[in-house]
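S.K.: Take this structure first; my questions come after.
Every number here is computed from the coordinates shown, using simple stated rules; none is lab data. All figures in this text were calculated on a predicted structure; none of them were measured in a lab. Quick reminder, even Gly has a Cβ in these numbers, built from the backbone with ideal geometry, and neighbours come from all protein chains shown.
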Amino acid sequence: MAWKGDEERRGDADEAEEELDETDYKTQKDAVLFAIDVSGSMLQQPPASGQKQADTDSAVTAALKCAYRIMVQRIIAQPKDMMGILLFGTDKSKFRDEVGSRSSSGYPHCYLLTELDVPAAEDVKRLKAMVEEEDDSDGIFVPSEEPVLMSNVLFCANQVFTTNAANFGSRRLFIITDNDNPHGGNKDLKSSAAVRAKDLYDLGVLIELFPVSHKDKKFDLSKFYDDIIYRDPEADAGTSDEVKTSKSGDGLTLLNSLISNINSKQTPKRSYFSNLPFELAPGLTIGIKGYMPLHRQQPARTCYVWLGGEQAQLAQSEMSKVDSTTRTVEKSEIKKAYKFGGEYIYFKPEEAASLRDMGKKVLRVIGFKPRSMLPMWASVKKSIFIFPSEEHYVGSSRVFSALWQKLLNDEKIGLAWFIARENANPIMVAIIPSKNPDDEKSGTQALPAGLWLYPLPFADDVRSVELDAKVRRADHLTDKMREIVQNLQLPKACYDPLKYPNPSLQWHYKILQAMALEEEVPGSLDDPTIPKYRQIDKRVGGYMAELKEEVAEKARSLMATRALKREAAEADDEDRPVKRAKPAAAKKQSGSGMGNAQLKLATEQDTLKKMTVAELKDVLASRGLSTVGKKAELLEKLEQWLEDNA
Amino acid sequence: MADKEATVYIVDVGESMADCHNGRVESDLDFSMRYVWDKISTTVAASRKTWTVGVIGMNTDDTNNQQESEGYDGYHNISVLQEIGPMSMTSLMELRSMIKPSSSSGADAISAVVVALTMIDVYTKKLKYSRRIILVTNAESEIDDDEIDEVAGKLNESNVELVIIGVDFDDAKYGFKEEDKSAKKKRNESALEKLVSQCNNAVFGTMAQAVEELSIPRIKHMRPFKAYDGQLTLGDPSKYESALSIHVERYFKTKRAVAPPATTVVIKPDHGGAGPSQSTQTVDDDDDVHMGGTEFSGVKHIRSYKVNDPDAPGGKRDVDFDGLAKGYQYGRTVVPISESDFSVTKLETTKGFTIIGFVPFSSYEPFINMGETGIVVAQRQNEEAELSLSALIHALHEVESYAVARYVQKDGTQPQILLLKPNPGIEDSFECLYDVPLPFAEDVRSYQFPPLDKVLTVTGNVLTEHRLLPSVDLKEAMSDYVDAMDLSGFGVDDYGKPAEYAPIDELYNPVIHRMNQAIRARAVQPDAPVELPAEILLRFSQPPESLLKKAKREIHSLIGTAEVKKVPAKAQGKRGRKDTTKPLSGLDIDSLLGQSRRTKTISPENAIPEFRQILATAEDDATVESAAKQMGEIVRKLITDSFADLKYAQAAENLRVMRNELISLELPAVYEKFVRALKKSILTGELGGDRREMWFRHIVAGKLGLVTAEESEVSTVTVEEAAAFARP
């Protein structure tokens, strides 16, 4: 699931239209190492305030809880990414196999709690025990008497990244501490820490600081951390370097504050494409990057497990392609052919390539339309978020911002031709602006402000649905229904996706986690997507009862008028001189046009089986049922349907 | 499920069809066959057994038809070239060899229609078919119009559609008139037109129009698929009496169409091989394909499974597939699950469609849609459902709200959240709810971006004027430009009135239609080169010329105020390196480094930072070369010491840094020298055994081979040389 496509799936499927997804892009893996300061003040429990929802967690506990949640979250969302936890300032020291009680380790007072790796079930289990049962049987959470050297902490992190996540595209060190001045006035210690920080920078590791402040003491970056932290060279132009301090108070626990701060940085920002030329007008091109802030997460696919060893082990599969004589074929020999009338049409590789070639990668504006011209049904797939990049075109940001503001203010959308990369299939997109997340009127506060490429359906993607759905006028029933609608608004009058976790996904991982940790399998799931039935009954139950009564009454009279009309029509038919009994025409009417009532009558009179196969198929098709099978099967299907819908 | 079809094509192959007319360089026959081949190959492409085709040649040198053999007059020079039946590639090929100009003339087109009609009557009996006769001719051979009434009557009786497409026929509607038309042709044309006018279901047209319309993509019609048939509820009817339930049906409104799938084949190695038939998943049992004299054979995928085994050579060994269990991964832990337990991780769900609550229109943005649209209508012939759903649609419309619902298509499927939008049918007189899927919490990734309308400084100040922000002038120029490029009334509707430009029903998927076009063309003429895509497919790849002309002033002014400058290619790579190497405080780290690391030796455990730092301050090539040499030794040692592949990634990362740094210092030769030696050492097993995996998976796959001239201007290595180097 998630980021990297499953090779198993990709291997077998011979899809002509290669789904353009991030799987095709650089597999930028992410590694995050939490470095948590274990000092006296970090371990101190907050004073009892007597309030109901008061904070009871020490900063260390909050940080570990946060790490635990993020670990569980990452297993679901980023199953290939690594995470580790390093404690510093501990009395004990531990680095890989070398364990020392005091300063025998190479990194004194650094305790590598969880090795940087894709988390395993034991890691989760251990961390869970620590945060839930406050299990410290190893006596780790004892602060050292002498101060820890920050240069050692940073070098320890350096070693962890160098060996475990050598070729990861994204490597980050999250430092959680409440000490803004670990080395006081000692210049030498500060300098050597700064040098180790530079090493990390040169190694390609980004340091993110999550300061914790107690009471209202300010965390002063200039005392130490300004020498440690570097600007992210990949960051978008205009990004502020603001470091958010976590604290308890304002009804927010330290844990929540920490989680919100860390979560905002937790997901590595991976671009879907970069440096795409955005041709706003002939002669005006700016640079943009594309992102996928929305992406359907699916439960992981199954894998094959080898149980022959001491531990269950993943069996890695290797695929080879063979021809009819089971000779392994080279990639260069493989050709593409198309099935056509039971045979194959073949194109030379260069011809096949030219067939797919619809021009260079580009986002090209064709013009603009009022937003109201986007039909409400015109949706086929998720949208892509774009943001300006100054890398190739200086001035991109201001032009982009001007366009964004114009589209937002005048409720307009752009129409554009879009090829995400060389050889990708072109699509037409609407360019739609999103409001600022801090705009109270924005219904999409979870999403950033910028422009979105909204894929438009092609005419080929639109199904013609020829259904009979006559327009009625609004009437008294509408008024009744309006009361119901007005009284059942969702909280904050918007759909906030963050409030609705995917029940299938949650269940899958919950069970899997229980199995992996050898815990008891949970019996049920708390599923917020299930409506609050009691509340619905309480709030609009009365209105609904009234509505139902009225509907029933109206339906009866409607049914009566219809029956009359039908009889009249049938009488008409009979009156007409039967000149040439054209069976086709008459039957056609009785086919798809045949009402449920007529069919029911036919069942009762046992005349259904007099219908021809073609008529049966018509009737079935008009009800959306499968029309495959022999006459007896078709009859059975129809009878079943009539029974179900009686 | 499409209806059965029986179509008979009557193709005039008379000697006059070999001539070119009206300035065309292709013969009338070739011109006509463009239309016919396109039609027939479309049928072949569908490969439906129930879509049957028959072909009659008119003005053939021989005569071969039932009427003639039964002794009727007036049926000479009409031959049945193909009896009605399913169309295959083989029959297409056979047909192709038969359609060529004859040296005859004088066959009666109306007689040919009678032959076709008889064929259809015999073949379709009284069964449900859509019957069609398509006649293409240049009307140069005499028509006996005595029996037109009778023939029309028979066509109507058999419910046959007649399509007559004539070469250079006059068509006032299309706007074509042949000026120097012969009296004979004129007479024949009007006879055919008379026939058509007497038929209930008939088309009369000119070939030029038919051929022109070929490039208009034909959209594959799909029957509506019912995804859901059941209750739409508000509240829980099983627990609360008040709960509302409406019996609805849900269909797909949009479904992404895909290009025809390709099959993987290889050229058959030897033609005698009678081995067991194998095929890919998409190839059926017939895996040998003949095409243009080449034989192809299907490709099969064979999978082998390996596990880590410290005792095995290379650290891995093969395991038997049959001995493997299925399972899932939880982080790096694998959780085997027995076959009987397999569904435990699947959430049990029951089919249902229930409203969670309502949200105002204003809170929704289309870009949060996750996919395809559905359409919800009341169950047919169910008055209560009709009334209730209609009330819901109108109420939602009036209070400008959408409904949010939880949808489970059938028992056991994953729940989805759908947004239900009311369509009271004001524009399309079709009353329904449209639905689109919404994201779940897990589907949203919180990416942070700086604001677009202000700049925050390090000190927390908010700036509203900045080089990253548009000036008032730029905003104005942009506004004028966007207004000038308005498409809402730029198009033209069927009545010549202004209409929306590029509405969805004119947007054709270029790839699908291009592929279909090319495949059909190749099927008919395997040797012809691939044609360029039809113009209509690329129509919306550019803004319309005339609109650009109109907006010329606004475009010019926008470009002027935007002042966008392209960054020269060379500057992109190294841009800004100098200013970013300082921490936030601006502390001069280099001087600190100068104090603590005066020696120019690189320690293996901190190799990358130290290597970079030495290079950043290196004043001569000798220092660089010495650093590169040390780095090289570290790489070789990592490989040598690596247990199985444990340290390969680290070695590769060191190589990558070394390569990139040497490229930016324009010293690719230093890297080349090293990597050549490394290759030799790896392949000769000098570095502690079989290290070929390091070579293939890390150096070759990681693109860490020779530096080509494309990557560095000072390199003389060609792409071919680099590719050759990658091979062992």
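S.K.: Residue by residue, what Karplus-based ³J(HN,Hα) values in Hz, rounded to whole numbers, does the range B:373-388 have, using 6.51, -1.76 and 1.60 with θ = phi - 60° and x for Gly and Pro?
M.R.: Per residue, the Karplus-derived 3J(HN,Hα) values read 8, x, 10, 10, 10, 6, 4, 5, 6, 10, 4, 4, 5, 4, 5, 5 Hz.
S.K.: Rounding to the nearest 10 and keeping the result within 0 to 90°, find how far the Cα-based axis of helix B:510-524 lies from the longest principal axis of chain B.
M.R.: Roughly 60 degrees between the two axes.
S.K.: Follow-up. In whole Å, what are the extents of the protein assembly as shown along the principal axes defined by its C-alpha atoms, from largest to smallest?
M.R.: Principal extents (largest minus smallest coordinate, Cα): 116, 80, 72 Å.
S.K.: Under the rule of at least 5 residues apart or a separate chain, name every residue whose amide H is placed under 5 Å from the amide H of B:Glu142.
M.R.: B:Gly106
S.K.: What does the charge count near B:Val53 come to, summing +1 for each Lys or Arg and -1 for each Asp or Glu among other residues with Cβ under 14 Å from its Cβ? Walk me through the numbers on the way to the answer.
M.R.: Numbers: positive: B:Lys4, B:Lys39, B:Arg48, B:Lys49, B:Arg96, B:Arg131, B:Arg132; negative: B:Glu5, B:Asp38, B:Glu83, B:Glu94.
Surrounding charge for B:Val53 is +3.
S.K.: Something else: Going by amide H atoms built from the backbone, whose H comes under 5 Å of the H on A:Ala469, apart from near neighbours?
M.R.: Amide H neighbours of A:Ala469: B:Glu431.
S.K.: Taking each residue of B:47-54 in turn, how many C-beta atoms of other protein chains fall within 10 Å of its C-beta, and what is the average? Walk me through the numbers on the way to the answer.
M.R.: Working: counts 5, 1, 0, 0, 0, 0, 0, 0.
Mean shielding by partner chains, rounded to a whole number: 1.
S.K.: So, by mean Cβ neighbours within 10 angstrom, what's the order for A:512-523, B:222-233 with the highest one leading?
M.R.: Ranking, from highest mean packing down: B:222-233, A:512-523.
S.K.: If you don't mind, there's one more thing I want to ask. Got a sec to turn the phi values of the range B:467-476 into Karplus ³J(HN,Hα) couplings, 6.51 cos²θ - 1.76 cosθ + 1.60 with θ = phi - 60°, whole Hz, x for Gly and Pro?
M.R.: 5, 7, 10, x, 6, 4, 4, 5, 4, 5
S.K.: Give, in whole angstrom and from largest to smallest, the semi-axes √(5λ) of the equivalent ellipsoid of the range A:283-407, with λ running over the eigenvalues of the Cα gyration tensor. Present the calculation step by step, with values, prior to reporting the outcome.
M.R.: Working: eigenvalues 367, 146, 69 Å².
So the three semi-axes of the range A:283-407 are 43, 27, 19 Å.
S.K.: Here is a further query. What does the helix-only formula give at 222 nm for chain A: each DSSP H stretch with n ≥ 4 adding -39500 (n - 2.57), the total divided by the residues, and the result rounded to the nearest 500 deg cm²/dmol? Present the calculation step by step, with values, prior to reporting the outcome.
M.R.: Working: 16 runs with 218 residues, N = 646.
The helix-only estimate for chain A comes to -11000 deg cm²/dmol at 222 nm.
S.K.: What average number of partner chain Cβ atoms lie no more than 10 Å from the Cβ of the residues making up B:334-343? List each step's numbers first, then the result.
M.R.: Working: counts 13, 11, 9, 5, 0, 0, 0, 3, 1, 0.
Mean partner-chain Cβ count within 10 Å for B:334-343: 4.
S.K.: Mean residue ellipticity at 222 nm from the helices of chain B, using -39,500 (n - 2.57) per DSSP H segment of n ≥ 4 over the full residue count, to the nearest 500 deg cm²/dmol?
M.R.: Values: 20 runs with 234 residues, N = 728.
Only helices count here, giving -10000 deg cm²/dmol.
S.K.: Just tell me which lysines come within less than 19 Å, Cα to Cα, of B:Lys239; anything on the same chain fewer than 8 places away is out.
M.R.: Counting by Cα, and skipping residues close in sequence, B:Lys239 has these lysines nearby: A:Lys532, A:Lys538, A:Lys548, B:Lys351.
S.K.: Using a/c under 1.5 as the rounded threshold, could you call the range B:5-213 rounded, prolate or oblate? The axes a ≥ b ≥ c are square roots of the C-alpha gyration tensor eigenvalues, and prolate needs a/b larger than b/c, oblate otherwise. Each step should come with its number before you reach the end.
M.R.: Details: a/c = 1.33, a/b = 1.18, b/c = 1.12.
Judged from the Cα gyration tensor, the range B:5-213 comes out rounded (a/c under 1.5).
S.K.: Counting only DSSP beta bridges with both residues in the protein assembly as shown, tell me the antiparallel percent, nearest 5.
M.R.: Details: 130 of 187 bridges.
Around 70 percent antiparallel, to the nearest 5.
S.K.: Could I ask something else about it? Against the longest alpha carbon principal axis of chain B, how many degrees, from 0 to 90 and to the nearest 10, is the axis of helix B:552-562 turned?
M.R.: For helix B:552-562, the angle is close to 10 degrees.
S.K.: Taking a threshold of 25 Å on the Cα-Cα distance, which of the pairs A:Lys610/B:Lys154; A:Lys215/A:Lys435; B:Lys475/B:Lys552; A:Lys480/B:Lys410; B:Lys126/B:Lys154; A:Lys600/B:Lys4 fall above it? Display every interim value, and only then the final one.
M.R.: Details: A:Lys610/B:Lys154 29 Å; A:Lys215/A:Lys435 35 Å; B:Lys475/B:Lys552 17 Å; A:Lys480/B:Lys410 31 Å; B:Lys126/B:Lys154 14 Å; A:Lys600/B:Lys4 29 Å.
With Cα atoms farther than 25 Å apart: A:Lys610/B:Lys154; A:Lys215/A:Lys435; A:Lys480/B:Lys410; A:Lys600/B:Lys4.
S.K.: Can you list the lysines whose alpha carbon sits under 19 Å from that of B:Lys582, skipping same-chain ones fewer than 8 residues off?
M.R.: Answer for B:Lys582, where 19 Å is the Cα cut-off: A:Lys187, A:Lys190, A:Lys198, A:Lys223, B:Lys574, listed by chain and number.
S.K.: So, one more: Give me the angle, in degrees from 0 to 90, between the Cα long axis of helix B:607-617 and the longest principal axis of the Cα atoms of chain B, rounded to the nearest 10.
M.R.: Helix B:607-617 sits roughly 80 degrees off the main axis of chain B.
S.K.: Can you tell me the equivalent ellipsoid semi-axes for chain A? Use √(5λ) from the Cα gyration tensor, largest first, whole Å. Write out the running numbers ahead of the final one.
M.R.: Values: eigenvalues 685, 217, 168 Å².
Semi-axes, largest first: 59, 33, 29 Å.
S.K.: Under 1.5 on a/c is rounded, so check that first for the range B:383-450, then, if it is not, pick prolate when a/b is larger than b/c and oblate when it is not; a ≥ b ≥ c are the square roots of the alpha carbon gyration tensor eigenvalues.
M.R.: On the way: a/c = 3.06, a/b = 1.57, b/c = 1.95.
Verdict is oblate for the range B:383-450.
S.K.: Let me ask something else. Place the peptides B:554-566, B:145-157, A:153-165 in order of packing, highest mean first, counting for every residue the other Cβ atoms within 10 Å and averaging per peptide.
M.R.: Ranked by mean Cβ neighbours within 10 Å, highest first: A:153-165, B:554-566, B:145-157.
S.K.: How would you rank A:265-274, B:315-324, B:500-509, highest first, on the average number of other Cβ atoms within 10 Å across their residues?
M.R.: Numbers: A:265-274: 20.2, B:315-324: 14.1, B:500-509: 18.5.
Going by the mean number of other Cβ atoms within 10 Å, highest first, we get A:265-274, B:500-509, B:315-324.
S.K.: Among residues other than B:Lys185 whose Cβ falls under 11 Å from its Cβ, what is the net charge (Lys/Arg +1, Asp/Glu -1)?
M.R.: Working: positive: B:Lys181, B:Lys184, B:Lys186, B:Arg187; negative: B:Glu140, B:Glu142, B:Asp168, B:Asp170, B:Glu178, B:Asp180, B:Glu189.
Value of the local net charge: -3.
S.K.: May I ask you to work out the translational diffusion coefficient for the range A:247-339 at 37 °C, viscosity 0.692 mPa s, via Stokes-Einstein with Rh from the Kirkwood sum over Cα pairs, reported in whole µm²/s?
M.R.: Details: Rh = 20.8 Å.
Using the Kirkwood radius from Cα pairs, D works out to 158 µm²/s.
S.K.: Next question. Within the range B:623-728, report the trypsin sites (Lys or Arg not before Pro) that DSSP leaves as loop and that have at most 13 other Cβ atoms within 10 Å. Intermediate values should be presented prior to the final figure.
M.R.: On the way: sites: B:Lys629, B:Arg636, B:Lys637, B:Lys647, B:Arg656, B:Arg659, B:Lys673, B:Arg676, B:Lys679, B:Lys680, B:Arg691, B:Arg692, B:Arg697, B:Lys703; in loops: B:Lys647, B:Arg691, B:Lys703.
Within the range B:623-728, the qualifying trypsin sites (Lys or Arg not before Pro) (loop, at most 13 other Cβ atoms within 10 Å) are B:Lys703.
S.K.: Regarding the range B:584-726, what's the average projected area of the Cα-atom convex hull, expressed in nm²? Kindly include the intermediate steps, with their values, before the conclusion.
M.R.: On the way: hull surface 38.4 nm².
About 9.6 nm², averaged over all directions.
S.K.: Separate question: Write down, largest first, the equivalent ellipsoid semi-axes of the range A:29-269 in whole Å, where each equals the square root of 5 times an eigenvalue of the alpha-carbon gyration tensor.
M.R.: Details: eigenvalues 110, 88, 87 Å².
So the three semi-axes of the range A:29-269 are 23, 21, 21 Å.
S.K.: Other chains near A:75-85: what is the mean number of their Cβ atoms within 10 Å of each residue's Cβ?
M.R.: Working: counts 5, 3, 3, 1, 4, 3, 1, 2, 1, 0, 0.
If you average over the peptide's residues, the count of other-chain Cβ atoms is 2.
S.K.: Taking the inverse of the average 1/r across all pairs of different Cα atoms in the range A:470-573, what Kirkwood radius in Å do you get? Working shown, then result.
M.R.: Working: mean 1/r = 0.0538 Å⁻¹.
Taking every pair of different Cα atoms in the range A:470-573, averaging 1/r and inverting gives 18.6 Å.
S.K.: Among the aspartates and glutamates, which have Cα under 16 Å from the Cα of B:Lys220 when same-chain residues fewer than 8 positions away are ignored?
M.R.: A:Asp460, A:Asp461, A:Glu466, B:Asp3, B:Glu5, B:Asp38, B:Asp505, B:Glu506
S.K.: Give the long-range amide H neighbours of A:Gly450: residues separated by 5 or more places, or on another chain, with amide H under 5 Å away, using H modelled in the peptide plane at 1.01 Å from N.
M.R.: A:Ser434
S.K.: So what is Rg over Rh here for the range B:1-87, counting just Cα atoms and using Kirkwood for Rh? Intermediate values should be presented prior to the final figure.
M.R.: Working: Rg = 15.1 Å, Rh = 14.4 Å.
Rg/Rh for the range B:1-87 comes to 1.05.
S.K.: So, one more: Given the convex hull of the Cα atoms of chain B, what is a quarter of its surface area in nm²? All intermediate terms of the calculation are to be shown ahead of the outcome.
M.R.: Details: hull surface 201.2 nm².
For the Cα atoms of chain B, the hull's average projected area reads 50.3 nm².
S.K.: Within the range A:316-361, how many lysine pairs that are 8 or more places apart, or on different chains, have C-alpha atoms less than 17 Å apart?
M.R.: Details: A:Lys321/A:Lys331; A:Lys321/A:Lys335; A:Lys321/A:Lys336; A:Lys331/A:Lys348; A:Lys335/A:Lys348; A:Lys336/A:Lys348; A:Lys339/A:Lys348.
Within the range A:316-361, the lysine pair count is 7.
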